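*Asks:* Take a look at this one; I'll ask things after.
The values are calculated or read from the model by the stated rules, or taken from the named source; none is laboratory data. Keep in mind the model is a prediction, meaning the values are calculated, not measured. Quick reminder, even Gly has a Cβ in these numbers, built from the backbone with ideal geometry, and neighbours come from all protein chains shown. When the accessible area is computed, the model is the full protein with side chains, heavy atoms only, and any ligands, DNA or RNA have been set aside. Shrake-Rupley method; radii C 1.70, N 1.55, O 1.52, S 1.80 Å.
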Protein chains: 2
Amino acid sequence: MSLIAVARGDEPPDLVIEGARVLSVFTREWLEADVAISGGMIAGLGTYDGGERVDAGGRWLVPGFIDAHVHIESSKLTPAEFARAVVPHGTTGVVTDPHEIGNVLGLEGVQWMLEASERLPLDVFVMAPSCVPASAFESPGFALGPADMEAILRHPRALGVAEMMNFPGVIAGDPDVLARIISDHVDGHAPGVNGRALNAYIAAGVRSDHEATTFEEALEKRRRGMWVLVREASNARNLIDLLPLVKQYGPEHCAFCTDDREPDLLYRDGHIDQMCRIAVAEGIAPEDALLMATLHAARAHGLRDRGAVAPGLRADLVLLDDLTSFRPAHVYKDGRLVATDGATLPFERAAVPEFVRSTMRAAPLDADAFAIPAESERVRVIEIVPGQLITLAREEVPTVDAGRIVAAPDDDVAKIAVVERHHATGRIGRGLVRGFGLRTGAFASTVAHDAHNMVVVGVADEDMLACAARLQEIGGGIVVARGGAVRGELPLPVAGLLSDEPVEDVVERLEALQAMLRDQGVRDAAPFMTLSFLALSVIPALKITDRGLVDVERFELVPLAV
Amino acid sequence: MSLIAVARGDEPPDLVIEGARVLSVFTREWLEADVAISGGMIAGLGTYDGGERVDAGGRWLVPGFIDAHVHIESSKLTPAEFARAVVPHGTTGVVTDPHEIGNVLGLEGVQWMLEASERLPLDVFVMAPSCVPASAFESPGFALGPADMEAILRHPRALGVAEMMNFPGVIAGDPDVLARIISDHVDGHAPGVNGRALNAYIAAGVRSDHEATTFEEALEKRRRGMWVLVREASNARNLIDLLPLVKQYGPEHCAFCTDDREPDLLYRDGHIDQMCRIAVAEGIAPEDALLMATLHAARAHGLRDRGAVAPGLRADLVLLDDLTSFRPAHVYKDGRLVATDGATLPFERAAVPEFVRSTMRAAPLDADAFAIPAESERVRVIEIVPGQLITLAREEVPTVDAGRIVAAPDDDVAKIAVVERHHATGRIGRGLVRGFGLRTGAFASTVAHDAHNMVVVGVADEDMLACAARLQEIGGGIVVARGGAVRGELPLPVAGLLSDEPVEDVVERLEALQAMLRDQGVRDAAPFMTLSFLALSVIPALKITDRGLVDVERFELVPLAV
């Protein structure tokens, strides 16, 4: 074996990175050593002659970053563009749950994501989506059953079962839900679950969670043996709240993840590197931050070939300029330079096949499609919590006009609707949402977790209708309307979820839409991400699907009228 | 699933341990919580009603201890008696390498060990022996090839490949040696290996080591990603020397193991509990010691169902009186009480089959069998290092009498011989050993790592002959002779390695023999363990097999004459 011969110094390495301070994740030390690479693997640390030489000039050499839980689809980028966005930030591996595309296109969609993530400068591991649909209250394009999950698990990059979002079903011991625990490696999703319910969830075999939003919640989960996947998503910014856990109990059993990030956040601020930057700014030792960004993510997923700069491991390496900005000067994947100074080196990519492009099948909407008859004194209202996935469930007296419940922009109440868009059922769920700040117009998206029907928020029905019509025309995406006309759009023709454009263009369009919404009064920094989670029926408290309002805590459909 | 229903409080547990301080290995905290058990598993921590109640009275509840690397055969006990010896000390799991019986009886011997370790109050996991024989310089009863290893790996309790003791072969990239790396979980054995040679060894896929004897050696191995299995064997007492690694860098990537323990040490001082006791006495935090005794051993071997007191894990639990003596008041295995106040509760055991009892097949020895002709001015002498497995290689002027090299008891030099005993080849290796202190008589053993031929040390040929003859008669064991007659013996009829008697009787006989040897001048506290390793050709520096002296550093046979 050539690697062994290189390691012992009898054959020349392919590449030697010399003059770096090399992190040992096993001792939290910085070692002064050459790192010799052969055949894409790390041969050894020490003194090595020969091979191509890279002078690190005293920079900090660390393992490639690993995102312990991400939905690539949330980036609105194809896997190739996602790679181009995150690799310059030092990410060389992600563990993804492709349940977004699974909801739209079923097993074939997941298989396309796997094909589309071949031969990237990034290893994309997959967890088999366990909850497609997320619950019985959602109407996806396709469901994924245990047999589909088994098919996904046979893929060489499959690691286990993705987040068991139907936590009420797990805790209740629902046999149909438990039948999806078909691996001994099962990710969790248990927002706010504690006490004996948490014991039950863990006893079912779930071993991680990325939904903790408070120190106390994360501590209880960690005490009971869960991997705490500390999340910093576009609108679930839990990092700073959870860092006290690391300060008080050390970084063990914690790893970083991003779950759902808008492309602008990835492009402007970064990925796992950004989490390291924030953590260190908040007083975490750089070595501890790096452990959560590398080894611990690998350990959480049983990835034995990465997560450290050590002999016999994959040469996924990041050369950092410093330990405050965590800016990567160079990124190596399997021993090859794949990004330098913020830019990914070119790589080949496959074309997007036609079958993932034509997924808009909503029934035609009539002029009254979004009308809500006034039938009770008080109604349920979803209140958004800026920067969080959870919502509050309000009960309020609605504004009524001509026998219909209408938006009350002065009181920050808009109308919200979810239009089924996969099977032309014509099913529409209608309700009210408080907190966006929208004063005029409407906005809509076919990114609407998890079933990815069309979700529309507006203060005027004509704008809501304009949004819906335009989304049908462009094959899905995000649109903003005002004065009865569409004012801006980001087409997402790939499954209604992803653009086929470069990340720069997607970010530019998205930011233009966000600016437009700010002009229309919206205060949320990531309004489309917030919007997209209002349809997710497995995160408390009150959500909406095409079937109506969902009380997530009671886990049942509830009427608008109280 | 009943476990989930019990966890959430809807069905009664089988057993509740209440009033304990419960270790969370994930936060190093002591939690005040009931621990509910159902069907042998931990359902949850919290408040639980119903079930059988055990009042822990403020005692300390910790996970069952796991020995990360042990050769059960070294205890000279059958697996059942080994269990009876260690379970009261809190051990509920061991990872064993059955290479001793593998050397004597091949695959069938290993399979018997596996059968004999069924249904014990202890889980015995097995690593497939990788080096039977340990090297080409040894002559076992049987060799184990990769096909035999594959057969062992198919066993449900098999975890991976046992210690790759032929580290020179691994580092050299010998294809026959590398062909034994047939798992991604491979234990190591790399005494004194460092620098690029260590890189090469690790790059081959080896991920642990239990041979480090110094802080520096253990630190280098840990820096490069090896699990440091801190060993406290009968005559490889590395614990105190390695604890500074834990003090300086924390307990991560370290686990406890005992490798080879005489039954007297197990019976008198204990097992993993004794390592905790020593570690804490040396200033290690009890929680850190317990991590190395539990979770880390489980993690080192990928055992996901144990190592913590947490929902969904096996209810292997130890209730400790305190955190200084680490004395277990009660030990639970799979939720059943299996030991209390130092005694194992009775359990059923299988009889030892006849085929493992008849393994002595040495050729008859004539009166000159141990004679060494004087043929050179200077000869090689093995010098033992008390409490260590390594030896020193000396070159000395021998004492000669009537043309023969003889022992020099005044100068602490005895004769040593290894007699092939499996295939009656008549092959005998002869040499000299310094350091036992033996002034008269001889002692011998069929426990002689790893080939387990007959190893004899003496100052008088007649006593050496008496020892060898008696071992042949009793089917193997340990004997002490003086004045031409055998004075004491411990028969080990099971493969020449194990007694079929209770641990108490084995200890009594062994201690009597040790006392006898002290009377004959021997100072070593575990002389038979030391003796048994003088034939192991993979631990430096100078060893002896039936083929002659082995220079382990040069990894070749060397003549007695310099």
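*Asks:* Which condition number does A:Val86 fail, the rest of (1) outside any strand (DSSP E or B); (2) open to solvent by 10 Å² or more (accessible area, probe 1.4 Å) being met?
*Replies:* (2)
*Asks:* Among (1) within 11 Å of chain A (Cβ to nearest Cβ); (2) closer than 22 Å to B:Ala451 by Cβ; (3) touching a residue at least 12 places away in the same chain (Cβ under 8 Å), there is one condition B:Ile171 misses while meeting the rest; what is its number?
*Replies:* B:Ile171 satisfies every listed condition except (2).
*Asks:* Separate question: Every residue in segment A:51-60 that is within 24 Å of A:Pro12 (Cβ to Cβ) and either outside any strand (DSSP E or B) or within 14 Å of chain B (Cβ to nearest Cβ) (or both), please.
*Replies:* Matches in segment A:51-60: A:Gly51, A:Ala56, A:Gly57, A:Arg59.
*Asks:* Do we have A:Ala151 as at negative phi, modelled with pLDDT of 95 or more and within 13 Å of chain B (Cβ to nearest Cβ) here?
*Replies:* no
*Asks:* If you take the residues of segment B:16-33 that are more than 33 Å from the chain's Cα centre (by Cα) and open to solvent by 10 Å² or more (accessible area, probe 1.4 Å), which of them is nearest to the other protein chains (Cβ to nearest Cβ)?
*Replies:* B:Leu31
*Asks:* May I pose another question? Can you find a residue that is outside any helix (DSSP H, G or I), under 18 Å from B:Val456 (Cβ atoms) and open to solvent by 10 Å² or more (accessible area, probe 1.4 Å) anywhere in segment B:491-512?
*Replies:* Yes: segment B:491-512 contains one or more residues that are outside any helix (DSSP H, G or I), under 18 Å from B:Val456 (Cβ atoms) and open to solvent by 10 Å² or more (accessible area, probe 1.4 Å).
*Asks:* Among the residues in segment A:104-122, are any farther than 28 Å from A:Thr446 by Cβ and either under 20 Å from the mean Cα position of the chain (by Cα) or free of Cβ contacts under 8 Å to residues at least 60 places away in the same chain (or both)?
*Replies:* yes
*Asks:* Which of the residues that make up segment A:399-427 are over 19 Å from A:Val456 (Cα atoms) and part of a loop (DSSP other than H, G, I, E, B)?
*Replies:* Of everything in segment A:399-427, those that are over 19 Å from A:Val456 (Cα atoms) and part of a loop (DSSP other than H, G, I, E, B) turn out to be A:Ala402, A:Gly403.
Condition check ((1) farther than 21 Å from B:Gly225 by Cβ; (2) β-branched (Val, Ile, Thr); (3) open to solvent by 40 Å² or more (accessible area, probe 1.4 Å)) across all residues:
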{"position": "A:Arg277", "(1), (2), (3)": "yes, no, yes"}
{"position": "A:Ile284", "(1), (2), (3)": "yes, yes, no"}
{"position": "A:Leu295", "(1), (2), (3)": "no, no, no"}
{"position": "A:Gly307", "(1), (2), (3)": "no, no, no"}
{"position": "A:Pro328", "(1), (2), (3)": "yes, no, no"}
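*Asks:* Looking at segment B:358-374, which of its residues are surrounded by fewer than 16 Cβ atoms within 10 Å (Cβ to Cβ), part of a loop (DSSP other than H, G, I, E, B) and not small (Gly, Ala, Ser)?
*Replies:* B:Arg361, B:Pro364, B:Asp366, B:Asp368
*Asks:* Another question about this same structure. Can you find a residue in segment B:438-452 that is open to solvent by 10 Å² or more (accessible area, probe 1.4 Å) and either touching a helix residue (DSSP H, G or I) at 6+ places or on another chain (Cβ under 6 Å) or basic (Lys, Arg) (or both)?
*Replies:* Yes: segment B:438-452 contains one or more residues that are open to solvent by 10 Å² or more (accessible area, probe 1.4 Å) and either touching a helix residue (DSSP H, G or I) at 6+ places or on another chain (Cβ under 6 Å) or basic (Lys, Arg) (or both).
*Asks:* Consider B:Ala134 carefully, then state whether it is away from chain A (no Cβ under 14 Å) and surrounded by 22 or more Cβ atoms within 10 Å (Cβ to Cβ).
*Replies:* Here the answer is yes, as B:Ala134 does meet what is asked.
*Asks:* Still on this structure, please answer the following. Test of understanding: among A:Arg518, A:Arg554, which residue is free of Cβ contacts under 8 Å to residues at least 12 places away in the same chain, open to solvent by 40 Å² or more (accessible area, probe 1.4 Å) and within 22 Å of A:Pro409 (Cβ to Cβ)?
*Replies:* A:Arg518
*Asks:* Now for a different question. Test each condition in (1) more than 8 Å from every other protein chain (Cβ to nearest Cβ); (2) part of a helix (DSSP H, G or I) for A:Val193 and report the one that comes out false.
*Replies:* The number of the failed condition is (2).
*Asks:* Restricting the search to segment B:60-83, which residues are over 19 Å from B:Ser499 (Cβ atoms) and open to solvent by less than 10 Å² (accessible area, probe 1.4 Å)?
*Replies:* Within segment B:60-83, B:Leu61, B:Val62, B:Pro63, B:Gly64, B:Phe65, B:Ile66, B:Asp67, B:Ala68, B:His69 meet the criteria.
*Asks:* Scan segment B:54-77 and tell me whether some residue there is among the hydroxyl-bearing types (Ser, Thr, Tyr) and within 16 Å of the chain's Cα centre (by Cα).
*Replies:* Taking every residue of segment B:54-77 in turn, at least one turns out to be among the hydroxyl-bearing types (Ser, Thr, Tyr) and within 16 Å of the chain's Cα centre (by Cα).
*Asks:* One residue is enough: does segment B:96-116 have a residue meeting the conditions crowded, with 24+ Cβ neighbours inside 10 Å and within 14 Å of another protein chain (Cβ to nearest Cβ)?
*Replies:* No, segment B:96-116 has no match at all.
*Asks:* On the given criteria, is A:Asp288 more than 30 Å from B:Leu198 (Cβ to Cβ), more than 11 Å from chain B (Cβ to nearest Cβ) and open to solvent by 10 Å² or more (accessible area, probe 1.4 Å)?
*Replies:* Spelling it out, it is not the case that A:Asp288 is more than 30 Å from B:Leu198 (Cβ to Cβ), more than 11 Å from chain B (Cβ to nearest Cβ) and open to solvent by 10 Å² or more (accessible area, probe 1.4 Å).
*Asks:* For B:Leu345, indicate whether it is under 25 Å from B:His423 (Cβ atoms), open to solvent by 40 Å² or more (accessible area, probe 1.4 Å) and of a type in the set (A, V, I, L, M).
*Replies:* no
*Asks:* How many residues are more than 7 Å from every other protein chain (Cβ to nearest Cβ), open to solvent by 10 Å² or more (accessible area, probe 1.4 Å) and charged (D, E, K, R) when one looks only at segment B:212-231?
*Replies:* 3
*Asks:* Failed condition for B:Ala369, given (1) farther than 28 Å from B:Pro140 by Cβ; (2) modelled with pLDDT of 95 or more, with all others met?
*Replies:* If we test B:Ala369 against (1) farther than 28 Å from B:Pro140 by Cβ; (2) modelled with pLDDT of 95 or more, just (1) comes out false.
Residue-by-condition table, conditions (1) away from chain A (no Cβ under 14 Å); (2) of a type in the set (S, T, N, Q):
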site	(1), (2)
B:Asp241	yes, no
B:Tyr249	no, no
B:Arg261	yes, no
B:Leu266	yes, no
B:His271	yes, no
B:Gly283	yes, no
B:Gly312	no, no
B:Ser325	yes, yes
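*Asks:* Is there any pair with a first residue in segment A:336-351 that is among the aliphatic types (A, V, I, L, M) and a second that is in a loop (DSSP other than H, G, I, E, B) whose Cβ atoms are under 6 Å apart and which are 6 or more apart or on different chains, and what are they?
*Replies:* A:Val338/A:Pro121; A:Val338/A:Leu345
*Asks:* Which of the numbered conditions does B:Leu144 fail, given that it passes all the others? Conditions: (1) within 16 Å of the chain's Cα centre (by Cα); (2) surrounded by 24 or more Cβ atoms within 10 Å (Cβ to Cβ); (3) not in a helix (DSSP H, G or I).
*Replies:* (1)
Each row is one residue, and each column tells you yes or no for (1) away from chain B (no Cβ under 12 Å); (2) surrounded by 21 or more Cβ atoms within 10 Å (Cβ to Cβ).
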{"position": "A:Leu3", "(1), (2)": "no, yes"}
{"position": "A:Asp10", "(1), (2)": "no, no"}
{"position": "A:Ala36", "(1), (2)": "no, yes"}
{"position": "A:Gly40", "(1), (2)": "yes, no"}
{"position": "A:Asp49", "(1), (2)": "no, no"}
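*Asks:* Looking at (1) open to solvent by 40 Å² or more (accessible area, probe 1.4 Å); (2) touching a helix residue (DSSP H, G or I) at 6+ places or on another chain (Cβ under 7 Å); (3) farther than 27 Å from A:Glu232 by Cβ, which is the one condition that is false for A:Asp174?
*Replies:* (2)
*Asks:* What do you reckon, is A:Gly477 closer than 21 Å to A:Ala424 by Cβ, in contact with a His (Cβ under 9 Å, 6 or more places away or on another chain) and open to solvent by less than 10 Å² (accessible area, probe 1.4 Å)?
*Replies:* No: the conditions fail for A:Gly477.
*Asks:* Which condition number does A:Glu395 fail, the rest of (1) open to solvent by 30 Å² or more (accessible area, probe 1.4 Å); (2) not in a strand (DSSP E or B) being met?
*Replies:* (2)
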